[in-house]
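Below: one structure, written as structure tokens.
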Amino acid sequence: VSAVHAVHNFGLGHVGINSQDSVVASGVSGILEGLGFRLRDTEMSTFAGGVVEVMKSNYRRGHGHLALTCTSVERALVYLERFGFSVDASTARIEDGRIKAVYLNEELGGFAVHLLRA
């Protein structure tokens, strides 16, 4: 397991929380701000301290999403195929000819999962 961790360097980038709409998202973000998290607003979401992303809609699936960081998304996808995971290629964000972020088709505990190159 330690060799796998060294190669992929998996980590938790952030947790995404789905909201009904931007009004609900603003309320959730406001609570996080009150707890001391710095907010960064985008069109689709508000990041709180870089560890929570409050979505302004019920994005993708149920509860929200988990952003898993890794050294190479391409290598991580090959590894995760062994566990039955597959990629939703329509969600791939490419930077410098490499995948920067992409969602998996499968969920973990009711959460969508996306890989994010660290």
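Computed quantities for the displayed model
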item	result
Carbon and sulfur %, accessible surface of the chain computed with the full protein complex present, 1.4 Å	57
Between 0 and 90°, nearest 10: helix 22-34 axis offset from the chain longest Cα axis	90
Charge dipole (the stretch 1-99, unit charges on Cβ, about Cα centre) - positive-most of ALA89, VAL1, HIS65	VAL1
Taking the chain and dividing mean pair separation by its residue count, relative contact order in percent (alpha carbons under 8 Å, at least six apart)	26
Listed residues ASP21, ASP41 arranged by accessible area, highest first, probe 1.4 Å	ASP41, ASP21
Extension gain from ASP96 to MET44, taking 0.36 nm per residue of separation minus the Cα-Cα distance	16.4 nm
Scattering profile of the stretch 53-118 at q = 0.12, 0.23, 0.27 Å⁻¹ [log10 I(q)/I(0), Debye over alpha-carbon scatterers]	-0.28, -1.01, -1.28
Mean accessible surface per residue for the stretch 25-118, computed with a 1.4 Å probe while every protein chain stays in place, in Å²	56
Accessible surface ranking that places the most exposed of SER86, SER72, SER2 first, with a 1.4 angstrom probe	SER2, SER86, SER72
Sequence of GLU107, GLU53 when ordered by accessible area, the most exposed leading, probe 1.4 angstrom	GLU107, GLU53
Label point at ARG75 placed 7 Å out along Cα→Cβ; residues across the stretch 85-108 whose backbone nitrogen lies under 16 Å	98-100
Within the chain, helix-based [θ] at 222 nm, where runs of 4 or more DSSP H residues each add -39,500 (n - 2.57), nearest 500	-7000 deg cm²/dmol
Amide proton proximity set for THR69, modelled H, under 5 Å, gap of 5+	GLY11, LEU12, GLY13, LEU116
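The values are calculated or read from the model by the stated rules, or taken from the named source; none is laboratory data. All of these numbers come straight from a predicted model, not from anything done at the bench. Reconstructed Cβ throughout: ideal geometry from the backbone, glycine too, with neighbour counts over all protein chains shown. What goes into the accessible areas is simple: the full protein's heavy atoms, side chains included, and nothing from ligands, DNA or RNA. Shrake-Rupley method; radii C 1.70, N 1.55, O 1.52, S 1.80 Å.
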